[in-house]
Amino acid sequence: MSEYIKEDAIWAKDVLVCRQIVQKINEFGVNDNQRMKIIELIGLELERREDSVSIVETVKRLTESKESENNQKRIIT
């Protein structure tokens, strides 16, 4: 078996495991806010600090943006 085929098989197996984990999370019936928190918490577990900081900052920016939109919708004029 060529090296590329072995690498593809390993990659496919890794992706399958990731999809199974996501499926289990979704079985809990989580909402979007909970998904974002899960992504943030997983981001904190990454070994590469730069990746971790980037993910956490992105989640916070998106969450704050959504909260701002929700607050604007609540204002009665």
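Quick notes on this structure:
- When GluC sites (Glu not before Pro) are flagged only if DSSP places them in a loop and at most 12 other Cβ atoms lie within 10 Å, the longest unflagged stretch of the chain comes out as 1-44.
- A cut-off under 12 angstrom between Cβ atoms defines the neighbours of residue 36, and their net charge, with Lys, Arg +1 and Asp, Glu -1, is +1.
- In the range 1-61, the chymotrypsin sites (Phe, Trp or Tyr not before Pro) that fall in loop regions by DSSP, at most 11 other Cβ within 10 Å: 28
- Using alpha-carbon coordinates, inclination of helix 49-74 to the longest axis of the chain, degrees: 30
- Between residue 45 and residue 25, full extension at 0.36 nm per residue minus the direct alpha carbon distance yields a gain of 5.5 nm.
- Using just its DSSP H runs of length 4 or more, each adding -39500 (n - 2.57), the chain gives a mean residue ellipticity at 222 nm of -29000 deg cm²/dmol after division by all residues.
- The dipole here belongs to the range 1-54: it is taken about the Cα centre, uses +1 on the Cβ of Lys and Arg and -1 on the Cβ of Asp and Glu, and is about 200 debye.
- Applying a DSSP loop filter and a limit of 13 other Cβ atoms within 10 Å to the trypsin sites (Lys or Arg not before Pro) in the range 1-53 leaves 48.
Values in this text are rule-based calculations from the coordinates and carry no lab data. From a predicted model like this one, the values you see are computed outputs, not experimental measurements. Ideal geometry is used to build each Cβ from the backbone, glycine not excepted, and the neighbour counts take in all protein chains shown.
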